[in-house]
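Read the figures in this text as sums done on the coordinates, not as results from a lab. Only a predicted model underlies this, so the values are computations on that prediction, with no experimental measurement involved. For neighbour counting, all protein chains shown are included, and Cβ atoms are generated from backbone atoms with ideal geometry for every residue, glycine included.
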Amino acid sequence: MRARIVIALIACALAVVSCGKKEAPQATPSFATDANASASAGANGSPGPTKTSGGGGNNAPTYPKNAKDYAHALLVANSKKDKTRVDQLAQQSAVLQLATYQNLDPNWNTHVSCGPDGGSHTVCVFRNTHGDEASVKLANLQIGHPTAAVEALIDRTTYPSDAAGYASAFTNAWEKGNTDRMKRLSNSGTVDFFKGKTPASGYTAYPTPDGTHTKVKMEGLPVGAFSFVLRIANGSLGKANAITGAQNA
């Protein structure tokens, strides 16, 4: 009987020990979503999601869609010495040509013409306020894309150091309708004198000293054609605006 009681007490003691013991709670695994992971990365200073924009961003170069605007953009870029833009718009042959023309007036505001040249090209002619005349040749298929300009030639306004040469330069500008060059060589009053008049087929210059000036008679050819006299300031020869007046011969 005593043995049974002892066994029972031992069993009970073991049961109490077992029943009083608590299991440690198990950690619940957590799984971050992609959104949570990105937010966490950003909060920790690590790179978050990268955003991209199409079309190369706002710094991508643009290219005019028509010949007139394309040629004008090239001339302005060259006058402003923007080599990066010139390289974008012109082939190296044209870039090298433009490199020989320095310190040009950037105001190419007079559009003379744009027309076909050989079927696959277009030539556009512009003048700036100094009367420089530019001829830009463009490959038609490249307009709207890089390096459409294949040729760029500029006839610069020059200022002869002799009266006869200066008068001839003015007359040539008048014959070509280059009003900007006429203004650069003379003044607005002189240019107005020639409005409505038709130039002769050619002119011969006859200079005559007149104190601080030289009077140059421009005799029209053939004989009997319109002739006139230009008054030129000797001290301004070789510079702009040397012609101070004009009158009938």
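Below is a table of values for the structure above.
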item	result
Charge dipole magnitude, Cβ of K and R +1, D and E -1 - region 55-177, Cα centre, debye nearest 20	340 debye
For T244, distant residues with modelled amide H under 5 Å away	R231, I232, A233
Cut-off under 5 Å, modelled amide H: who pairs with H121 long-range	N140
Antiparallel content of DSSP bridges confined to region 67-155, in %, to 5	95 percent
Alpha carbon centroid spacing (whole Å) that separates region 189-216 from region 219-249	2 Å
Stokes-Einstein translational diffusion, region 163-248 - Kirkwood Rh over all Cα pairs, 0.890 mPa s, 25 °C, in µm²/s	195 µm²/s
Set K81/K195; K68/K183; K80/K176; K65/K176; K183/K217; K83/K195 screened for pairs whose C-alpha atoms are more than 31 Å apart	K81/K195; K83/K195
Centre separation in Å (Cα based) which lies between region 58-74 and region 97-160	14 Å
Relative packing of peptides 240-248, 191-199 - highest average C-beta neighbours within 10 Å first	240-248, 191-199
Charge-dipole axis of region 104-198 as Lys and Arg at +1 and Asp and Glu at -1 on Cβ define it, positive-most pick from A169, G118, F193	F193
Over region 67-155, relative contact order from alpha-carbon pairs under 8 Å, at least 6 apart, %	31 percent
Cα shape, region 67-155, gyration tensor, a/c 1.5 rule	oblate
Prolate/oblate/rounded label for region 99-249 (Cα gyration tensor, a/c 1.5)	prolate
Peptide ranges 161-173, 117-129 listed from the most packed, as the mean C-beta count within 10 angstrom indicates	161-173, 117-129
